[in-house]
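In what follows, a single structure is set out as structure tokens and then discussed.
The values are calculated or read from the model by the stated rules, or taken from the named source; none is laboratory data. Keep in mind the model is a prediction, meaning the values are calculated, not measured. Every residue, glycine as well, gets a Cβ built from its backbone with ideal geometry; the counts of neighbours run over all protein chains shown.
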Amino acid sequence: MWVEKDYWMPLKMEMSDGINVTTEYLNIEINTGVSDDVFEFKPPEGAKIIKKEPVFKRFSSVEEAQKHAPFKILTPSYTAGCELKSVSIISNVLVLTYSDNSGTEIVITESLNQSLPEEGEDVTVGDTEGKYTEMFGIGSVAFKKGDLLITVSGKIEKEELIKIAESIN
């Protein structure tokens, strides 16, 4: 890739994946006198302005996050010695992150109206069915509690993940 050094605009790209493709940009003009107000959005008169909530929000506590969550947040009573480090909501998915001093990290996600994954090993979480998967040494237990899909993930033994999952209320 060739890039114009002052504005970082691509000038030419060459790609090859069995087929060679070259794209070149010619006659590029930058800052040609177009006024900045051309790029300023002015809503039509009478339009209703709706401000969207940010997609990602970090909270100082579960109680603070509860004010913004679209469901009752459930937390574990057993965390394998890890402490709560962060609480976030990302597009209506709650993320609780726990860790300890040794670097162990447990991530719990909660989301509404999601299906249990089809892939994975069948496991029992309390009195409900769940799925266990492992990828790159990170285990994950997914199960339903009412309308919530809850996933507990971490680089810890499957039995510990299930024990944490069973303690979530």
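What the table below lists for this structure:
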{"read-out": "Residues within region 15-42 that are surrounded by 10 or more Cβ atoms within 10 Å (Cβ to Cβ) and under 34 Å from the mean Cα position of the chain (by Cα), tallied", "value": "1"}
{"read-out": "Residue tally, condition within 30 Å of Glu83 (Cβ to Cβ) and not in a loop (DSSP other than H, G, I, E, B), over region 39-60", "value": "4"}
{"read-out": "Exclusive hit being in contact with a Pro (Cβ under 8 Å, 6 or more places away or on another chain), assigned by TED's automatic domain parsing to the domain that holds Lys158, at pLDDT 95 or above and surrounded by 10 or more Cβ atoms within 10 Å (Cβ to Cβ), set Ile73, Ile108", "value": "Ile108"}
{"read-out": "Single residue of Glu83, Glu118 found to be more than 30 Å from Glu53 (Cβ to Cβ) and free of Cβ contacts under 8 Å to residues at least 40 places away in the same chain", "value": "Glu118"}
{"read-out": "From Phe56, Phe41, residue being in contact with a strand residue (DSSP E or B) (Cβ under 8 Å, 6 or more places away or on another chain) and free of Cβ contacts under 8 Å to residues at least 60 places away in the same chain", "value": "Phe56"}
{"read-out": "Any hit, region 26-47, residues being touching a Phe, Trp or Tyr at 6+ places or on another chain (Cβ under 8 Å) and either at pLDDT below 95 or among the hydrophobic types (A, V, I, L, M, F, W, C) (or both)", "value": "yes"}
{"read-out": "Checklist (1) assigned to a loop (DSSP other than H, G, I, E, B); (2) free of Cβ contacts under 8 Å to residues at least 40 places away in the same chain applied to Pro70, failing item", "value": "(2)"}
{"read-out": "Among the candidates Val123, Val107, Val141, residue that is more than 18 Å from the chain's Cα centre (by Cα), in contact (Cβ under 8 Å) with a residue 12 or more places away in the chain and within 23 Å of Gly81 (Cβ to Cβ)", "value": "Val123"}
{"read-out": "Residue identified as more than 20 Å from the chain's Cα centre (by Cα), modelled with pLDDT of 95 or more and surrounded by 13 or more Cβ atoms within 10 Å (Cβ to Cβ) among Tyr98, Tyr78, Tyr132", "value": "Tyr78"}
{"read-out": "Odd one out for Glu64 among (1) of a type outside the set (Ser, Thr, Tyr); (2) assigned to a loop (DSSP other than H, G, I, E, B); (3) in the same structural domain as Ala142 (by TED's automatic domain parsing)", "value": "(2)"}
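So that you can scan it fast, the table gives a plain yes or no per residue for (1) more than 19 Å from Gly130 (Cα to Cα); (2) of a type in the set (Phe, Trp, Tyr):
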position	(1), (2)
Phe59	yes, yes
Tyr78	no, yes
Leu84	yes, no
Leu96	yes, no
Asn101	yes, no
